[in-house]
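Just so you know, all these numbers are worked out from the coordinates, no wet-lab data involved. None of these values were measured; they are calculated from a predicted model. Here the Cβ is made from the backbone with ideal geometry for all residues, glycine too, and neighbour counts use every protein chain on show.
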């Protein structure tokens, strides 16, 4: 990681900063793909359960083929991968994104694949894609859909709830102004008027009065990712709170909570990063559902967790007292 991403703001840009409320389905598909290529030891603990489940599902031959095709275009260690893979239309959902992806103009395919080839050797089949092979572009879109359907969508409720909690917290920081919110975007650092972060290469994103759309990501776990083409609307995908390793302060706080509540109850409390069912908490922690249910009852009686029925499920989330006890991320 030898470079720096620099996002240059002007006074006008502050009026056009958008903080997306939810994760983006296409970005999450590619970033989930990157999680699969990352050793478990290098991932934040919150991603361990998903990665284990995803690896098990990769026994399906069609899913492995889709993953290989997408990895050829957007490997986890790429300094750049084509912007056409993550169209802005994904803001409207996966169907709109895939329609835009299939309609990518041939000139853009050729231009962005040439750019990717500047950083690494591309597989031979990408020459057909660069030449405008529409059937091959359809295969790419089908691979995105298949990967998302099989590996991302089954856990989307957890993704959505975790991102929503992160969004609510950042919205509270806006009381201090846009800069106060920008300063929360770890690993970014604010040095007026530039927002910087570690990046695979040196890159400058000049907003020029257009503002920027900031998209939170459940699967992004190292550095942010920015749309590279300066002619496209500026988009930056950033990791939600938490990182690959706990700080010493966070570790000490976790030990103190375990001493106060007991290890099991402290783990259950810490797992409520959003709104979850008893079963989903049990899966995340690898604990029996009956044990989790017992811990949740104690936490609820103590006013740290709120539970309410939603159809066939009971949903659990932290109360303000529970969030306060956990402390800052």
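What the Cβ-Cβ distance of residue 134 and residue 16 gives, at R0 = 22 Å and to the nearest 0.05, is a FRET efficiency of 0.05. Give the residues of region 210-238 whose amide nitrogen is closer than 19 Å to a point set 7 Å from the Cα of residue 119 in the direction of its Cβ. Correct set: 215, 217, 219-238.
Could you order peptides 306-312, 27-33, 92-98 by the average number of other Cβ atoms within 10 Å of their residues, highest first?
On the way: 306-312: 10.1, 27-33: 25.3, 92-98: 17.1.
Result, highest mean first: 27-33, 92-98, 306-312.
The distance separating the Cα centre of region 2-34 from that of region 258-280 comes to 30 Å. A Förster radius of 22 Å, combined with the Cβ-Cβ distance separating residue 252 from residue 171, puts the computed FRET efficiency at roughly 0.15. Rounded if a/c is under 1.5, else prolate if a/b beats b/c, else oblate: with a ≥ b ≥ c from the C-alpha gyration tensor eigenvalues square-rooted, which is region 122-203? Oblate shape, in that a/c is at least 1.5 and b/c is the bigger or equal ratio.
What separates the Cα centres of region 168-188 and region 297-318 is a distance of 29 Å.
Tell me, what is the FRET efficiency for residue 4 and residue 290 to the nearest 0.05, using R0 = 41 angstrom and their Cβ-Cβ distance as r? Walk me through the intermediate numbers first.
Numbers: r = 50 Å, r/R0 = 1.21.
Working from the Cβ atoms, E equals 0.25.
In percent, how large is the relative contact order of the chain, given Cα pairs closer than 8 Å and 6 or more residues apart? Before the final figure, lay out each step's value.
Numbers: 486 pairs, mean separation 82.8, N = 329.
Relative CO of the chain lands at 25 percent.
Under 12 Å from a point 7 Å along the Cα-to-Cβ line of residue 102: which residues of region 139-171 have their amide N that close? From region 139-171, the list is 139-143, 145. The long axis of helix 25-36 is offset from the longest Cα principal axis of the chain by roughly 80 degrees. Roughly what angle does helix 248-261 make with the longest principal axis of the chain, taking Cα atoms, 0 to 90 degrees, to the nearest 10? The two axes meet at around 40 degrees.
The long axis of helix 289-301 is offset from the longest Cα principal axis of the chain by roughly 70 degrees. Where both bridge residues fall in the chain, DSSP classifies roughly 60% of the beta bridges as antiparallel.
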